[in-house]
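The values are calculated or read from the model by the stated rules, or taken from the named source; none is laboratory data. Please read these numbers as outputs of a predicted model, since none were measured by experiment. Here Cβ is always computed from backbone atoms with ideal geometry, including for glycine, and neighbour counts include all displayed protein chains. Areas reflect the complete protein model, heavy atoms only, side chains present, ligands, DNA and RNA absent. Shrake-Rupley method; radii C 1.70, N 1.55, O 1.52, S 1.80 Å.
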Amino acid sequence: MWIFIYYIFNNKPMKKFHFLLIALSCGAMMWAQEPLTIEIDEPLTVNAGESATLTGIWAGGTEPYTVVWADQQGNKIATTEGEEYQITVTPTVSTGYTLTVTDATGTTVTRRTGVKVRGVHVVADFEDNTIPDVGYDQGYSDWEQIYSGSYGLEVGSYYTESEWGNYWTWYGYALSNLTSDTYSGNLYPDQFHSAPGGAHSGNNFIIASPVPFGDDPCAIEVTAEEDGEEISGFYITNTAYAYDAIKNGNYYSAAFDDGSYFVLQIFAEHPDGSTTEKDFYLADFRAANKADHYVIDKWEWLDLSDMGKITKLTFNFDSSDKVSYDGGVTYYLNTPMYFAMDDLGGDPVIEQSTLLWGVTEGKTDKYDLSKIFEIENDGSTVTYTIDEPIDNEGISLDIDAENGKLLINGIEDAASGTVLLSATQKGHTQYVELTVRIDRVSAVTDLDATEVVGVHYINAAGVVSSNPFAGFNIEVRTYSDGTTSAVKVLR
């Protein structure tokens with residue numbers, strides 16, 4: 001015969017009442033101990049220079065407890081005197097904090113919260129976070145925020161027990177510092193690999209699976225200003241998992257073929273509650289020219305500067321590989337819905353080059369743009385763009401898109417100006433900031449009308465060679481009409 005008794009006690013350090021079940025049978029007594037749990041304050045918001053007090057309460061488990069508060073860089077933080085479950089902090093930028101409690105049996109539970117700091121904008125390069133030894137951080141509970149720079153990224157993580165096995169599930173954004181570029185079929189840790197392998201800069205980056213989860217939109221929040229701010233953009237690429245599924249297919253996904261696509265949909269929420277959208281193709285096989293088909297496997301700059309003030313970013317996906325179970329109202333994507341992110345709110349990498357050019361008055365000359373970009377000669381389309389016009393009215397520039405030539409008109413002798421150019425080929429975009437200087441003494445009137453008869457290179461020390469030097473070079477071309485051109489290049 002079993003006798004059940006509920007026993008109530010008050011554990012003062014936990015400031016909570018707890019219920020323990022005592023079961024008596026044949027003189028034996030068994031205690032059903034509650035599992036160790038933590039309750040922690042939701043993120044607080046302060047202005048730059050202000051302090052915030054965070055509170056965490058733990059319950060269950062077995063005494064004694066080891067309690068550690070730490071910031072997102074792993075620095076331990078002393079608790080407020082007399083209140084072992086509180087800390088007072090004054091962060092200079094939005095920062096995450098963890099409370100880790102370990103009981104006498106070695107059971108450990110960690111929860112994360114944070115402090116959002118207004119008035120300070122810092123790029124999110126994710127180097128301001130310490131990542132566990134496993135190489136990734138997918139959160140500790142069903143809703144948290146990872147902070148870096150002036151941004152908060154939502155992440156949810158929970159443990160599931162089912163007839164198919166026990167496993168961790170996560171959504172939103174996870175930190176990673178893993179450098180492998182392969183997917184072997186094992187979700188852990190391979191889903192935390194980027195297609196290029198590692199970060200765009202530094203060691204840390206984000207693996208994103210921001211599919212709206214219930215009522216959670218998996219947002220990236222701008223924390224520096226309540227009414228948002230303009231975001232320059234971020235670096236983006238495929239994950240190794242998505243890349244492998246697109247290239248090779250798997251149990252769920254079909255390998256891509258003609259007409260296939262995988263697109264990330266970016267939604268920017270503005271201070272008035274409205275949204276604007278932008279698409280970025282992570283894979284695109286729609287072009288008639290098969291040489292133009294691509295799957296992104298490099299870090300690419302995604303420009304958001306034209307979207308105005310942004311309070312939140314959310315994302316969704318679309319793919320040609322999808323199915324519907326309700327007659328086309330709702331679709332489920334077979335392509336793994338992931339991407340990788342780095343340097344949020346930063347700037348694109350821009351190469352520097354200088355073109356010393358001579359022109360004949362009243363005539364427009366041409367310069368082959370492939371000389372300042374790394375172009376693959378594989379029959380794929382190259383699109384050249386003037387992203388920012390030249391900053392000197394004494395020089396007029398345009399692009400001959402069909403032939404890939406920069407059209408130069410030197411209106412004033414000795415004029416000098418800078419122009420931002422880009423070249424896009426199979427989804428990969430390069431940027432060059434080109435300084436153009438007009439010098440009529442070394443005039444080349446029309447590259448199409450002359451033949452190159454000689455090329456030599458000069459390094460910074462003045463050494464001349466028929467082959468380019470590593471680093472800085474001046475490339476000098478001699479033409480059949482006796483004229484020359486010179487351009488500064490980096491190799």
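For the range 363-406, relative contact order (Cα pairs under 8 Å, six or more residues apart, normalised by length) works out to 48 percent.
Distance between the pseudo-spin-label points of Asn289 and Asp142 (7 Å out from Cα toward the beta carbon): 5.2 nm.
Working value for the range 245-340: equivalent-ellipsoid semi-axes of 26, 18, 11 Å, each the square root of 5 times a Cα gyration tensor eigenvalue, largest first. Solvent exposure of the range 176-308, expressed per residue, is 43 Å² of accessible area, with all protein chains present and a 1.4 angstrom probe.
Of the residues Leu356, Leu175, Leu397, the one with the largest accessible area comes first in the ranking Leu356, Leu397, Leu175, computed with a 1.4 Å probe on protein heavy atoms.
Extension gain, Glu230-Leu187: 0.36 nm per intervening residue step, less the Cα-Cα distance, totals 11.9 nm.
With a Förster radius of 41 Å applied to the C-beta separation of Asp306 and Glu50, the computed FRET efficiency comes to 0.75. Is the range 165-215 best put as rounded, prolate or oblate by its Cα gyration tensor, with a ≥ b ≥ c the root eigenvalues, rounded for a/c under 1.5, and otherwise prolate when a/b is larger than b/c, oblate when not? In terms of gyration-tensor shape, oblate. Split the accessible area of the range 210-350 by element, probe 1.4 Å, and carbon with sulfur accounts for 46%. If you look at the Cα atoms of the range 39-119, you get an Rg and a Dmax of 13.1, 44 Å.
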